[in-house]
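The values are calculated or read from the model by the stated rules, or taken from the named source; none is laboratory data. In this text, all values refer to a predicted model and were calculated from it rather than measured experimentally. Glycine also receives a Cβ, built like all others from the backbone with ideal geometry; neighbour counts cover every protein chain displayed. With ligands, DNA and RNA removed, areas are computed over all heavy atoms of the protein, side chains included. Shrake-Rupley method; radii C 1.70, N 1.55, O 1.52, S 1.80 Å.
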Amino acid sequence: PLVWGVIGQVGLGGLLVALVVRYADNILKGFATSLSIIASGLLSIYLIPSLKFTPTPVWVAGTLLVLSATVIYSLPDSSGAKE
């Protein structure tokens, strides 16, 4: 059952990446990949305790950087320039 779960997750992840690339740009793909790594890490803490994953300070710092970059990128352009 675990192997099939991993196969399904990887397949679904591939389809989601294809959708992101089709309807968005490569920058959003990078953000989506980073956020999925963070989500996988957080889920593995609670759902798969046998992995014994404990976030290190470096992992937490990287998570905060990714979340900050995602928020900053999603802010509206405040330069006032019209395209």
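What to note about this one:
- Residue match in segment 40-49 (condition: over 18 Å from the mean Cα position of the chain (by Cα) and β-branched (Val, Ile, Thr)): yes
- Residue within segment 18-36 that is open to solvent by 60 Å² or more (accessible area, probe 1.4 Å) and aromatic (Phe, Trp, Tyr) present: yes
- Take the conditions (1) in contact with a Ser or Thr (Cβ under 9 Å, 6 or more places away or on another chain); (2) surrounded by fewer than 10 Cβ atoms within 10 Å (Cβ to Cβ); (3) not β-branched (Val, Ile, Thr); Gly41 misses just one of them, which is (2).
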